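Colleague: Got a structure for you, written out below as structure tokens; questions coming shortly.
The values are calculated or read from the model by the stated rules, or taken from the named source; none is laboratory data. Note that this is a predicted model, so its numbers are computed, not measured. Positions of Cβ are backbone-derived with ideal geometry, glycine not excepted, and every protein chain shown enters the neighbour counts. Areas reflect the complete protein model, heavy atoms only, side chains present, ligands, DNA and RNA absent. Shrake-Rupley method; radii C 1.70, N 1.55, O 1.52, S 1.80 Å.
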Amino acid sequence: NRALTVEISELRRERAQLLGYESHAAFVLEERMAGHPKTVTAFLSDLAQKAQPAALRDVQSLRDFAAKHLDMPELARWDAAYVSEKFKMATLEFDDEMTKPYFPLDRVESWAFAVAKRLYGLNFRPSHAPTYHRDAQVYDVTDADGQWVAHLHADWHPRKGKRNGAWMTSYRPARVSHGWRDYPVISMVGNFSPPVGDQPALLTFNEVLTLFHEFGHALHGLLGAGRFASLTGTSVRWDFVELPSQFMENWCYQPSELATWARHYQTGEALPEDLLHRIQASQTFLEGLATVRQLGFGVLDMAWHHRKEAIQEVDAAAALERDALAPVEVWPAVEGSWISPAFSHIFAGGYSAGYYSYKWAEVLDADAFERFQEEAQNEAQVASDFKALLAAGGSVDPMALYTRFRGREPRPEALLKRAGLHG
């Protein structure tokens, strides 16, 4: 695999230069929101510089905890996951499982629909329309005027032959032709534990985030209003597609939302305040370390794919990885340890020169949600502006779309604040 990483990246570099691009990254990013490798490199470097002090503090906290409570005087990178979990339990006394009684699936789904109704005037009513499986519930979606919008399928439980994970699918994208709108048919899919006996399906808080995430993708699809089906809904630039989904997750952390919707499935008791605080604290727990780790993957991706010169030897590739990760390294180096041969996202998963898009989308969603917070008294107008962004799909350049919504290009400050990395 070490040799294959060299061969794959070299073939990509050669192809890009044959097509007139300086590198594979330049070739790929021409059709991304970021546009150019310089933008991505500056983006990753800026965030890494701001997150590094917090990451180093996180590492020291883990070392201190491990030495004091786990009899581990030395901590290596392979200990991090184990020690982090022990540290989280000791510090926050938080286990995601303890949130389940407060999040029955039906209520969480109603919560998501209520947010969409308040923001976009959408109504969701159970439908008798046919669906692809008896486990899937279909909803008729109409707007505030009662006009037809879409069919939405919700398919939340595992079954034989169904793949793992969660996703959104568009069976028929929206389009406008000859004055008539072909309404979209959208499905949001998950693998949440089903009801057991008299107990309804219960979600952990992380699964609540998953439902809102996929619902965000679904809203992108069902609000499409473009002329061409290939440019509506989620048919947008790769580093823009996660904005609507990650944006929806923000509502799950709002105390006013949780006070209304997070209630015990048996007693109706509201989510205890101390558990709410622990959920919110978990959002920033060891976030410096997590951020730098994620940025490191993006930096390594760009090191491989923004090369202009050939590289043939495996030893040279080892040096490439070591030099690329040095500015974001927080653990002692381990001789012979490589990330690249196992980095399937960029060598086999379609993310070459695109791994940065995970953090890029986080900046977008935090910055976009900040406008909702800043202009809470004018939520209807802000929501209308965001709805226009969703409706446009890929028919408008995403940076132009975002700038039209926000009044400026995205800034990372909102994400840093949310992650507890500012100041």
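Colleague: Taking the chain as a Gaussian network, where each spring joins two C-alpha atoms under 10 Å apart, which residue of 144, 218, 114 fluctuates the most?
Modeller: 144
Colleague: List the aspartates and glutamates whose Cα sits under 12 Å from the Cα of residue 162, skipping any in the same chain fewer than 8 residues away.
Modeller: Excluding near neighbours in sequence, the set is 135.
Colleague: Mind listing the phi-derived Karplus ³J(HN,Hα) values for the range 153-162, rounded to whole Hz, using 6.51, -1.76 and 1.60 with θ = phi - 60°, and x for any glycine or proline?
Modeller: 9, 10, 10, 9, 10, x, 7, 4, x, 8
Colleague: A further question on this structure: Probe radius 1.4 Å, ligands and nucleic acids ignored: give me the carbon and sulfur share of the accessible area of the chain as a rounded percent.
Modeller: On the way: 10270 of 20230 Å².
Roughly 51 percent, rounded to a whole number.
Colleague: Please list 89, 248 in order of solvent-accessible area, largest first, computed with a 1.4 Å probe with all protein chains present.
Modeller: Output order, biggest surface exposure first: 89, 248.
Colleague: Another question, then. Note down the nm distance, to one decimal, between modelled labels 7 Å out along Cα→Cβ at residue 417 and at residue 172.
Modeller: Each label point is offset 7 Å from its Cα along the Cβ direction, giving 4.4 nm.
Colleague: Specify the residue with the greatest mean-square fluctuation among 281, 366, 90, computed from a Gaussian network of the chain linking alpha-carbon atoms under 10 Å apart.
Modeller: Of the options given, 90 has the highest mean-square fluctuation.
Colleague: Around residue 94, with a cut-off of 9 angstrom between Cβ atoms, what is the net charge of the other residues, counting Lys and Arg +1 and Asp and Glu -1? Working shown, then result.
Modeller: Details: positive: 88, 278; negative: 93, 95, 96.
So the environment of residue 94 carries a net charge of -1.
Colleague: Another one. Normalising by the residue count of the chain, find the relative contact order in percent from Cα pairs under 8 Å and 6+ residues apart. Write down the numbers at each step before the final one.
Modeller: Working: 655 pairs, mean separation 94.4, N = 423.
With pairs under 8 Å counted, the relative contact order is 22 percent.
Colleague: Probe 1.4 Å, all protein chains in place: accessible area of residue 379 in Å², nearest 10?
Modeller: Spelled out: residue 379, probe radius 1.4 Å, area about 50 Å².
Colleague: With every protein chain kept in the model, how would you rank 108, 185 by accessible area, 1.4 Å probe, largest at the top? Let's see the in-between values first.
Modeller: Details: 108 0, 185 30 Å².
Ranking 108, 185 by accessible area, largest first, yields 185, 108.
Colleague: On average, how much accessible surface per residue is there in the range 371-423, in Å², for a 1.4 Å probe, leaving out ligands, DNA and RNA? Numbers along the way, then the final one.
Modeller: Numbers: 2660 Å² over 53 residues.
I get 50 Å² per residue for this part.
Colleague: So, one more: Can you give the local net charge around residue 159? Use residues other than it whose beta-carbon is closer than 12 angstrom to its beta-carbon, Lys and Arg +1, Asp and Glu -1. Present the calculation step by step, with values, prior to reporting the outcome.
Modeller: Numbers: positive: 134, 160, 162, 163; negative: 135, 155.
Around residue 159, the surrounding residues sum to +2.
Colleague: Additional query: Over the range 5-68, give the accessible area per residue in Å² for a 1.4 Å probe, as an integer. Could you put the intermediate results ahead of the total?
Modeller: Working: 3190 Å² over 64 residues.
Per-residue value: 50 Å².
Colleague: With a 1.4 Å probe and all protein chains left in place, how much accessible area per residue does the range 188-297 have, in Å²?
Modeller: On the way: 4200 Å² over 110 residues.
That works out to 38 Å² per residue.
Colleague: For Cα extents along the principal axes in Å, several values are listed as (1) 64, 58, 47; (2) 82, 57, 41; (3) 62, 45, 42; flag the one computed from this structure.
Modeller: Recomputing Cα extents along the principal axes in Å here gives the entry labelled (1).
Colleague: Something else now. Indicate the gyration tensor shape class of the range 5-118 (rounded, prolate or oblate), computed on the Cα atoms with a ≥ b ≥ c the square roots of the eigenvalues: a/c under 1.5 is rounded; otherwise a/b larger than b/c is prolate and the rest oblate. Write down the numbers at each step before the final one.
Modeller: Details: a/c = 2.72, a/b = 1.36, b/c = 2.01.
Here the range 5-118 falls in the oblate category.
Colleague: Here is a follow-up. Using just the helices of the chain, give the 222 nm mean residue ellipticity in deg cm²/dmol: DSSP H runs with n ≥ 4 each add -39,500 (n - 2.57), and the total is spread over all residues, rounded to 500.
Modeller: On the way: 16 runs with 209 residues, N = 423.
Taking each H run of at least 4 residues, the total per residue is -15500 deg cm²/dmol.
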